[in-house]
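The values are calculated or read from the model by the stated rules, or taken from the named source; none is laboratory data. A quick note: this is a predicted structure, and the numbers were derived from the prediction, not measured. Backbone-built Cβ (ideal geometry, glycine too); neighbour counts: all protein chains shown. With ligands, DNA and RNA removed, areas are computed over all heavy atoms of the protein, side chains included. Shrake-Rupley method; radii C 1.70, N 1.55, O 1.52, S 1.80 Å.
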Amino acid sequence: TVWAYATADHYHQALLADCSRVISDSLAQDPSRWGVGDRSQLHQWQLWLSLERGADGQQHLLSESQRKLCCDAMQGTEVTISRLQRSVAAALAAVQHGFEEEHLEPRTGYSLDLALPSSRVAVEVDGPSHFLLPDGRGVRKPNGPTLLKRRLLAAAGWRVISVPFYEWDGFATANERQTYLQGLLG
């Protein structure tokens, strides 16, 4: 899919031109054939083209109304706040005031776990679903959707800070967690 190309940051001119035409025609004929998840991925693909691919990407953009349809799908996705995120939010509030939980970033349509919009700092609380299984050395690498979100937010001017679950869970006290967050915020 085109979303996979965006996630892998792989630009293929001819393929994307063909896909863009087919997708645009399909959305024009019957947008209901595209589910909310599909349209959200199309939105992320469009963000990749516009934010990361520059002039090359502009030629593959869908019409403005189609882009809005896809963006609306992404913005309408229901968000669940995990216990882990609540824990990080509580510790962050003790370190620095002003962070908003589940801030809807208007340019990208992403919901940011914790955001300080005035400084364009986003804290993403990354639970197990944000990572691949550990490799042979026990290293956990972020998965494709997580990397794409980080890249697109950075391209939109955000400083993205990740709080991985396996690091957070390693702290025993509130003081250790607050010190950790202070270090990340630098």
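What single numbered condition from (1) touching a residue at least 12 places away in the same chain (Cβ under 8 Å); (2) more than 30 Å from ARG53 (Cα to Cα); (3) assigned to a helix (DSSP H, G or I) fails to hold for LEU148?
(2)
Restricting to segment 45-73, what's the tally of residues that are farther than 18 Å from GLY35 by Cα and surrounded by 12 or more Cβ atoms within 10 Å (Cβ to Cβ)?
12
Against the conditions (1) out of contact with any Lys or Arg (no Cβ under 9 Å at 6 or more places or on another chain); (2) open to solvent by less than 30 Å² (accessible area, probe 1.4 Å); (3) not basic (Lys, Arg), where does PRO164 fall short? Just the number, please.
(1)
What pairs come out if I take residues in segment 151-162 that are within 19 Å of ALA6 (Cα to Cα) and pair them with residues that are among the hydroxyl-bearing types (Ser, Thr, Tyr) and at pLDDT 95 or above whose C-beta lies under 7 Å away, six or more apart or interchain?
Partner pairs satisfying both residue conditions: LEU152/THR108; LEU153/THR108; LEU153/TYR110; ALA156/THR108.
Take segment 102-134 and flag every residue that is among the hydroxyl-bearing types (Ser, Thr, Tyr) and either more than 19 Å from THR146 (Cβ to Cβ) or assigned to a strand (DSSP E or B) (or both).
Selection gives SER111, SER118, SER119.
If you go through segment 74-112, how many residues are free of Cβ contacts under 8 Å to residues at least 12 places away in the same chain and open to solvent by 70 Å² or more (accessible area, probe 1.4 Å)?
6
Of the residues VAL2, VAL79, only one is in contact with a strand residue (DSSP E or B) (Cβ under 8 Å, 6 or more places away or on another chain) and of a type outside the set (Lys, Arg); which?
VAL79
Would you be able to tell me the number of residues in segment 114-129 that are under 18 Å from LEU84 (Cα atoms), surrounded by fewer than 19 Cβ atoms within 10 Å (Cβ to Cβ) and within 15 Å of the chain's Cα centre (by Cα)?
Of the residues in that region, 2 qualify.
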